[in-house]
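Everything on this sheet refers to the single structure shown next.
The values are calculated or read from the model by the stated rules, or taken from the named source; none is laboratory data. What you see is a predicted model, and the numbers here were worked out from it, not measured in a lab. Positions of Cβ are backbone-derived with ideal geometry, glycine not excepted, and every protein chain shown enters the neighbour counts. Please note that ligands, DNA and RNA were not included when accessible areas were found on the heavy atoms of the full protein model with its side chains. Shrake-Rupley method; radii C 1.70, N 1.55, O 1.52, S 1.80 Å.
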Amino acid sequence: MYSKIDNAEAFVRFLGRYRTHNEACPSVEHLRRIRLKDGTIREYNYSRRTGLLPEQLKTTFYILLQEYAKAYNQVASTAPLVHQELPSLLTNNVRLAEICDCTDRTIRNHLTTLRNLRLIRTKFRGREHDFELWISQEILWETSEKPKTLKSSKSSLSPTNRKSFPLSNIYVETIVNENDRAEILKCGQGQNNEGQRGRTANQSPENESSELTTERTGLGGGGGRRAQKQAQDEELRNLRADRVRSKLPQLPPRLEKYFAEILMQFWLHAWKVLYPSRDFSKKEQEQAISAIYTGVYNRFDDARTAADWAAFQARQLEKLDRAARYYDHHPEAYLPDPFAVHVAGRGYFDAENTRGFKGIEAWLQRDSALASRRRRAYEEEREKKQKRGESLMRQARRDFEKLRAGQPMRQEVQGKDLMALWNYYRLIFSGLGKKWNDRFMKQFLEQQANDFQPPAYLKPSRQRKLAHAPTVIIVEDYMTWDDGYYS
């Protein structure tokens, strides 16, 4: 059997590690200066210890130890062996924060500190799931060795099969009782989400069937007996699957497998996001599926390709998520049943109920049209801002060129020198944003390097033609060489 954990002794060992760490923390000298009333400055040294563990860390570890020991001792009362790795505790920061009366951020910081001290070990399982936590064996028991175990019988489980707690980490199976109500069956011989097998803490041998007992004890050695046991296991699994399958809701007849998967996917997602706290019997599930089959999918009579059906299914799931967000933010709003109870056509998924699931399509179309108008308004405003910025850039270039050439200036900038004109445009472009301010500064530096002369491609067309026209030299008679010598 497992060796039980003594909370008091384990916490004393933790306090020893806690005090040892704080005593080993170094002291740092600091120099402080204080100005007195007479104006003189007084200096003195003081020391401060760094790296001390906070007092609240004791409370956090005590709660962790208490939760771990409680679950561990419960497993220890029935588990036959100590395995190679200790079981893990499934918990989260919010749950621990409620017990410790602090914030979840404080719990997260304390867990980080405990991990750095190698007092605990955690395993992240996703942000929507609890994380696994182990406490160091040096704290749980007096030595780092594993707790001693008693010899187990030949009929016990193999030590290679690990086990974990609490019970949320075991294999569960949904069944339907005599009243057609869905329940959860905790299967001790089944596998949990990590492939672990073994009896759970809340299951007693009296509640197990003879088949499970035969599967646990085994039929001895030998190839024939091993094959016989495998056949019995396969038969048991088939019986269990048939039992669960017989309690599932019946789909509409003559429905193709692809459409059946689409229909079940929609109903399970609707149950998860819209009715998470409700339990539906087999009859109620059949009524809900029938309402969805008729009201949402129109009995699959619409002619669509496979790609069109995939897009249509994504659209319906998006509508479910939109409805779930609405009811989450409006808890006072009334959510009807998925099918009509008293008045026909009043179910949430009925085609006649325009205020139910069918009305979400108009809601999405309205939001799409509103988003389209906003995008157009944004594009128009951006284009307007672009035109204004380019116009101001051309105007600034011309004003600097006219100021350098001594030409008459515009009335708004008349009488300004170079620095005043630069500051005038800097304030204007700063109001347009960083992009236009940087473009103005770049253009000003380029003009300044060129002595504020207009570029060749910006000169008037007459000046550009004269610059590229051929040069004509007029020669007078008296400038000739021959003077009639060659005539």
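Annotations for the structure displayed:
- Once all protein chains are placed together, Y258 keeps about 100 Å² accessible to a 1.4 angstrom probe.
- Along the range 367-382 the Karplus relation, 6.51 cos²θ - 1.76 cosθ + 1.60 evaluated at θ = phi - 60°, assigns HN-Hα couplings of 5, 5, 5, 5, 5, 5, 5, 5, 5, 5, 4, 5, 5, 5, 5, 5 Hz to successive residues, with x for each Gly and Pro.
- Theoretical FRET efficiency, 1/(1+(r/R0)^6), r = Cβ-Cβ of A344 and Q56, R0 56 Å, to 0.05: 0.40
- FRET efficiency, A231 to E9 (Cβ-Cβ, R0 56 Å, nearest 0.05): 0.65
- Net lengthening on full extension, H30/L335 (0.36 nm per residue, minus Cα-Cα): 103.3 nm
- Long pairs among K402/K434; K402/K442; K58/K272, criterion Cα-Cα beyond 28 Å: K58/K272
- Among the listed pairs K384/K416; K229/K257; K257/K282, those beyond 26 Å (Cα-Cα): K384/K416; K229/K257
- Rolling a 1.4 Å probe across all protein chains gives D438 an accessible area of roughly 70 Å².
- The stretch between H21 and R243, if pulled fully straight at 0.36 nm per residue, gains 74.1 nm over its current Cα-Cα span.
- Peptides 31-42, 401-412, 88-99, ordered by how many other C-beta atoms sit within 10 Å of their residues on average, highest first, read 88-99, 401-412, 31-42.
- For the range 400-442, no residue has its backbone nitrogen under 11 Å from a point 7 Å from the Cα of E390, taken along Cα to Cβ.
- A 1.4 Å probe over all protein chains sorts L133, L255, L418 by accessible area into L418, L255, L133, starting with the largest.
- Computed with every protein chain present, the accessible area of R226 is close to 130 Å² [probe 1.4 Å].
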